[in-house]
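Heads up, the thing below is written out as structure tokens.
The values are calculated or read from the model by the stated rules, or taken from the named source; none is laboratory data. Everything numeric here is computed off the predicted structure, so don't read it as measured data. We place every Cβ from the backbone using ideal geometry, glycine too, and count neighbours over all the protein chains shown.
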Amino acid sequence: MNCQEALDLLYEFIDKETSDIDTQQIQAHLKKCGDCFQKYRLESSIQEFIHAKLADDKPAASLERLKSKVSARLDQVDREECGPKSGSPYRLAFITVAAAALLVLMIGGAGIITDFITHTSTYAPLEQAHLAQAHLAQAHLAQVENSSGTETEFAAESVISLMLEQNSYELRPNLGEFVLISGKTEEILGVEMNHLTYSSSNAIVSVFIVPADKFSIPDDLLDTKIVRGDLELFDHNCPACRLVFHVIGSIVVITATSDQSIELLDFIPGKLVA
Amino acid sequence: MTGGTTTDRKKRTAFEAEALPHMDALMRTAVRMAKNENDAEDIVQETYVKAYRFWDKFETGSNCRAWLFRIMTNIFINEYRSKSRSPVTVDVDDLDDSFLYGQLSSSGREDNPEKELLAKIIDGDVRKAIDELPDDFRMVVVLSFLEGFSYEEIAEIADLQLGTVKSRLHRGRRLLQKKLYDYAVSNGYIKDRPK
Ligand SMILES: [Zn+2]
């Protein structure tokens, strides 16, 4: 190994990332070449120096305090996940949700039913609407596959142009393997929402769109906030049905799915246009 | 049959035993990534909440520390980096690999030229030099220098190609050395030598 070859691998050698053969050859070269050895020593002592300084640099914040903050946040996650709350104002909704869940089970939604029956969250009506639609959509899918699909496409397109016109929100008709298959208006949680359905070959995602002045993010989700560009996301993740609330401009876009294999945070159905 | 509190408790206990011991490391790296302790605390909290929600996706027996760092790096990239993202031009190509060596070895103390410099550099200088690195470089440098992750682990954590990790580390090192040298000169620790 010559000087250039040894120096090219110097950082990797210091980081212990060189192969056994390279390591032996570099060691042999450093033994006989004073110039390279000096460079090696310089680089590795700077490396050690920086590591030591950084590792010494303890944050002023108390770790104990941070631990208790984290613990409180975990408690919150534990609570929000589906524990039955007696006297909940959403009792009625809860019962219908269970009924919808049964439907899903009947059509092969499987898996989620046990968790879902005990589920009484604030967002239950949204989940119920999603599940009912998922049920319909699955029944529809067989039809859509066998027909030209013009009817559902037409419905979706009208919602796309409505959203663009009213909110400057440009919905994407295709999202990866998901295709927008239908759209309707529906009253959920006392507000009229546009409810769109995206479908892949084996999963359904609902998208609800509601004016921001008519719908506020539930309090218990406020600290799940994630900011991505001009988009604020709030995440409700429980085993029964995941909901992600997107606050964007003057609308709130809510995505919902009971399929846990879909990363809903990455499912962004549209964007604001100037 | 319901979800059951026993299962929930088991989950919480397992999570706390596996994940909480890494808080120290997550916090010190978060501080270097975000460059301030308030954001760092938020990032660490978000990391634990997210990890807890996805705990069933963590494969028992695999590297929990790397998994947590992956979640944290993701949060940093998505939520914090974009806040202050400005186009950064990094021009290190004019620095040759042995820039510092060249500068120091012409100082006349050929036997151990780095000793003099390193003895004078203070903690604050290192912190400042790291903080001034562009986000993409700082992330990789901190994961390697501070946390000792392997190139492959860093590639996994930061979702980068192995080659990108290597080149960012390489350039990050050269930038760091240049900055440390510049501080040393401007603080009068050492005298500059024309190249
Ligand atoms: Zn040599």
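Return the total of residues in the range B:129-188 being at positive phi and at the interface with chain A (Cβ under 10 Å from one of its Cβ atoms). Steps first, answer last, please.
Quick first cut of the range B:129-188, residues at positive phi only: B:148, B:159, B:188.
The next check asks that each one be at the interface with chain A (Cβ under 10 Å from one of its Cβ atoms); those that pass are B:148.
Of the residues in the range B:129-188, 1 are at positive phi and at the interface with chain A (Cβ under 10 Å from one of its Cβ atoms).
Of all residues in the range A:3-56, count the ones that are within 11 Å of the ligand (Cβ to nearest atom) and touching a Leu at 6+ places or on another chain (Cβ under 9 Å).
Final tally of qualifying residues: 6.
Scan the range A:193-212 for residues that are touching a residue at least 60 places away in the same chain (Cβ under 8 Å) and among the small types (G, A, S) and jot them down.
Once the filter is applied, which keeps residues that are touching a residue at least 60 places away in the same chain (Cβ under 8 Å) and among the small types (G, A, S), the range A:193-212 yields A:S199, A:S206.
I'm trying to understand the selection: among the residues of the range A:57-66, which are surrounded by 16 or more Cβ atoms within 10 Å (Cβ to Cβ) and either more than 7 Å from chain B (Cβ to nearest Cβ) or within 16 Å of the ligand (Cβ to nearest atom) (or both)?
Correct list: empty.
For the range B:148-164, check the following and say yes or no: at least one residue is outside any helix (DSSP H, G or I) and at pLDDT below 75.
Here is the first cut: in the range B:148-164, the ones outside any helix (DSSP H, G or I) are B:148-150, B:159-161.
Filter once more, so that each one left must be at pLDDT below 75: none.
Looking for residues that are outside any helix (DSSP H, G or I) and at pLDDT below 75, one finds none in the range B:148-164, hence no.
Which one of A:D57, A:D35 is free of Cβ contacts under 8 Å to residues at least 12 places away in the same chain and either touching a Cys at 6+ places or on another chain (Cβ under 9 Å) or not aromatic (F, W, Y) (or both)?
Details: A:D35 fails: free of Cβ contacts under 8 Å to residues at least 12 places away in the same chain.
Exactly one of A:D57, A:D35 is free of Cβ contacts under 8 Å to residues at least 12 places away in the same chain and either touching a Cys at 6+ places or on another chain (Cβ under 9 Å) or not aromatic (F, W, Y) (or both), namely A:D57.
With B:Y80, B:Y48 as the choices, which residue is of a type outside the set (V, I, T) and modelled with pLDDT of 90 or more?
B:Y48
Show the residue pairs meeting these rules: Cβ distance below 7 Å; 6+ apart or different chains; first residue within the range A:215-239 and free of Cβ contacts under 8 Å to residues at least 40 places away in the same chain and part of a helix (DSSP H, G or I); second residue surrounded by 15 or more Cβ atoms within 10 Å (Cβ to Cβ) and not charged (D, E, K, R).
Every condition considered, the pairs that remain are A:L221/A:F234; A:L221/A:H236; A:L221/A:F245; A:T224/A:F234.
Tell me which of these B:V185 doesn't satisfy, since it passes every other one: (1) in a helix (DSSP H, G or I); (2) among the aliphatic types (A, V, I, L, M); (3) under 20 Å from B:R70 (Cβ atoms).
(3)
Within the range A:68-76, is there a residue that is over 30 Å from A:L221 (Cα atoms), in contact (Cβ under 8 Å) with a residue 12 or more places away in the chain and in a helix (DSSP H, G or I)?
Initial filter on the range A:68-76 (over 30 Å from A:L221 (Cα atoms)): none.
Within the range A:68-76 (the criterion being over 30 Å from A:L221 (Cα atoms), in contact (Cβ under 8 Å) with a residue 12 or more places away in the chain and in a helix (DSSP H, G or I)), the answer is no, since none of the residues qualifies.
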